[in-house]
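The values are calculated or read from the model by the stated rules, or taken from the named source; none is laboratory data. Treat the numbers as computed from the prediction; the structure is a model and nothing was measured. Neighbour counts run over all protein chains shown; Cβ positions are idealised from the backbone, glycine included.
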């Protein structure tokens, strides 16, 4: 039995993926703003991610992929640049104030931009460790956020479906294996995978302080639904070859993002045991 593909299911999953990716950067950008620091992120992670997005966008343009993929690629690149700008801006700002670059969770409340009395290392203050939130509370936050994002995706799909049914259908474009787009696509896939390595290494020393777990929750959701949307469209060999770099890059990245979430969970459990011990 040959799988003919389900364009409507592919379109539905595509909109869910777009909803996830539109908000994927927001939690980390907000986290950096609240901490007035971007030191939870690895510079290597952001730079490699930016280069990967640029290659991915260029490959999508050359391959003549869907306009939404190209628009998202440009949007991702802008967000990558925003994260990078935050890192260096807050680093420059805190250096001028002679304040620590990365503020830990224990001192977050007292160090969050107290202009009159910034917290400096070794300033003699002794603070009680802040209570560690139970894991189930974080779980509820993630579930509520994902329900909202999926709801936005479903709403966008419904609007898109109505518009498509109200306008004359366009002639489908034949997929072409274009070698330049394939090279750029595989380079971007390798960069997306490699970008996680410096972040995972940095987490070993920072214990994920200053890093938003929602960045990786949305990334996992976006990559998973993106791959499923491609597979739902068709399982023909030509379709899989044309989209091979994007399938491989997104699918393999999920495993590394899951490992980062495991780091969050493990360090949170250690903090909880230390606080109760």
Criterion (over 30 Å from residue 14 (Cα atoms), at pLDDT 80 or above and either loosely packed, with under 15 Cβ neighbours inside 10 Å or touching a strand residue (DSSP E or B) at 6+ places or on another chain (Cβ under 9 Å) (or both)) met by exactly one of 205, 126:
205
Selected residue (only one of 241, 227, 197 is surrounded by 19 or more Cβ atoms within 10 Å (Cβ to Cβ) and either touching a helix residue (DSSP H, G or I) at 6+ places or on another chain (Cβ under 9 Å) or not in a helix (DSSP H, G or I) (or both)):
227
Quick check on region 256-264. Is at least one of its residues exposed (fewer than 13 other Cβ atoms within 10 Å of the Cβ), outside any helix (DSSP H, G or I) and out of contact with any helix residue (DSSP H, G or I) (no Cβ under 9 Å at 6 or more places or on another chain)?
no
